[in-house]
Amino acid sequence: MRVRRRDTGSAPAVRLDAVRKVYGKGSAAVAALDGITLSIDVGTFTAVMGPSGSGKSTFLHCAAGLDRPTSGSVVLAGHDLAGLNETALTRLRRERIGFVFQAFNLLPTLTVEQNITLPLKFAGKRADRRLIADVIARVGLTDRARHRPHELSGGQQQRVAIARALAIRPDVLFADEPTGALDTRTATEVLGLLRESVDRDGQSIVMVTHDPIAASYADRVVFLADGRIADELAAPGADAIADRMTHLGTWDESARIHRTPAPFREPR
Ligand SMILES: Nc1ncnc2c1ncn2[C@@H]1O[C@H](COP(=O)(O)OP(=O)(O)O)[C@@H](O)[C@H]1O
Ligand SMILES: [Mg+2]
């Protein structure tokens with residue numbers, strides 16, 4: 001099998017610099033991200049963890065160009081997102097970025113194969129039949145290619161969503177709780193598939209999860225708390241991750257008791 005490693009020199013797949021994202025205005029303002037600086041290497045699998053409300057989804061949306069930060073910079077697939085207008089940003093997302101969410105978001109009237117081919121059409125790329133067949137084979141759904149989503153299990157549907165994201169050969173695949181709606185066995189299947197795409201094809205993956213077992217598939221686990229990076233671990237096991245989470249929780253509580261709220265400045 002061909003190894004596709006996007007060797008763009010030492011340029012990271014994604015880089016965030018002092019990223020802040022503030023929702024709301026005045027006294028209702030919430031800094032969902034409060035100064036995130038992070039560089040994600042090409043061909044690596046990064047998990048982002050943190051308690052509910054810590055900013056995981058906001059991080060993913062800003063890093064993937066689905067949303068723009070209030071301040072700070074995001075460089076994605078070699079582009080500084082601040083320099084792109086909406087049209088160019090949409091194009092970058094369609095052509096270079098893959099997305100997988102907890103909800104599979106498959107089109108019910110289309111077959112597995114048609115669902116997987118759709119983003120290629122949007123990206124204006126030709127759907128090479130061999131390439132599509134290869135992607136379908138990799139997610140183990142060759143005998144389901146002509147089926148519709150409702151005829152598949154949850155795990156199979158998520159594998160279709162992953163195949164759909166991989167079909168455009170994205171520079172980065174972003175996943176927000178991709179196993180959140182799956183049972184343990186099918187979650188294992190989906191995580192194995194993501195891991196394989198990193199090991200075999202040099203895919204870059206950023207995955208948000210609250211599950212230590214899911215995060216243990218990653219090369220690196222970044223912990224968020226209150227919109228900041230609280231810690232990170234290199235290739236940890238699930239036990240080490242769970243242990244760190246417990247400590248973060250404790251840290252969170254004591255911080256809440258002792259901390260006086262920082263004065264908030266209106267974003268310009
Ligand atoms: N669209 C929004 N409008 C206002 N506040 C938001 C919005 N999205 C997220 N937030 C707030 O930002 C913080 C971080 O949210 P989020 O990124 O969804 O965290 P997580 O994914 O870790 O649960 C939370 O306090 C949340 O209430
Ligand atoms: Mg979330």
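The values are calculated or read from the model by the stated rules, or taken from the named source; none is laboratory data. Just so it is clear, the model here is predicted, and its values are computed rather than measured. As a convention, Cβ positions derive from the backbone with ideal geometry for all residues, glycine included, and neighbour counts pool all protein chains shown.
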Among the small types (Gly, Ala, Ser), in contact (Cβ under 8 Å) with a residue 60 or more places away in the chain and touching a strand residue (DSSP E or B) at 6+ places or on another chain (Cβ under 6 Å), is that true of ALA103? no
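Listed here are the residues, each with its yes/no results for (1) of a type in the set (A, V, I, L, M, F, W, C); (2) out of contact with any helix residue (DSSP H, G or I) (no Cβ under 7 Å at 6 or more places or on another chain).
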| residue | (1), (2) |
| --- | --- |
| LYS121 | no, yes |
| ASP134 | no, yes |
| ARG144 | no, no |
| HIS147 | no, no |
| ALA165 | yes, yes |
| ARG169 | no, yes |
Does segment 38-60 contain any residue that is over 19 Å from VAL208 (Cβ atoms) and either within 16 Å of ligand 2 (Cβ to nearest atom) or out of contact with any His (no Cβ under 9 Å at 6 or more places or on another chain) (or both)? yes
Wholly within segment 50-169, which helices (runs of 4 or more DSSP H) include no fewer than the required count, namely at least 2 residues that are closer than 20 Å to ARG15 by Cβ? 56-63, 86-96
GLY24 being more than 30 Å from THR142 (Cβ to Cβ) and modelled with pLDDT under 95: yes
Screening VAL48, VAL30 for residues that are within 15 Å of ligand 1 (Cβ to nearest atom) and surrounded by fewer than 17 Cβ atoms within 10 Å (Cβ to Cβ) leaves only VAL30
All but one of (1) surrounded by fewer than 17 Cβ atoms within 10 Å (Cβ to Cβ); (2) more than 13 Å from ligand 1 (Cβ to nearest atom); (3) modelled with pLDDT under 95 hold for GLY35, so report the exception by its number. (3)
Sort out for me the strands (runs of 3 or more DSSP E) sitting completely within segment 183-249 that have 3 or more residues that are within 16 Å of ligand 2 (Cβ to nearest atom), touching a helix residue (DSSP H, G or I) at 6+ places or on another chain (Cβ under 6 Å) and at pLDDT below 95. none
Which one of the conditions (1) more than 21 Å from ILE97 (Cα to Cα); (2) away from ligand 1 (no atom under 16 Å from the Cβ) does GLN203 fail to meet, given that it meets all the rest? (1)
Among ARG68, ARG6, ARG15, which is the only one that is among the charged types (D, E, K, R), modelled with pLDDT under 95 and surrounded by 14 or more Cβ atoms within 10 Å (Cβ to Cβ)? ARG6
Test: PRO119 is within 16 Å of ligand 1 (Cβ to nearest atom) and surrounded by 15 or more Cβ atoms within 10 Å (Cβ to Cβ): no
Hits in segment 51-75 (condition: aliphatic (A, V, I, L, M) and more than 10 Å from ligand 1 (Cβ to nearest atom)): ALA63, ALA64, LEU66, VAL74, VAL75
For segment 76-107, which positions are closer than 30 Å to ARG146 by Cβ, more than 16 Å from ligand 1 (Cβ to nearest atom) and not aliphatic (A, V, I, L, M)? ARG93, ARG94, GLU95, ARG96, GLY98, PHE104, ASN105
Apart from one, (1) closer than 23 Å to GLU177 by Cβ; (2) more than 16 Å from ligand 2 (Cβ to nearest atom); (3) free of Cβ contacts under 8 Å to residues at least 40 places away in the same chain all hold for LEU66; the odd one out is (2)
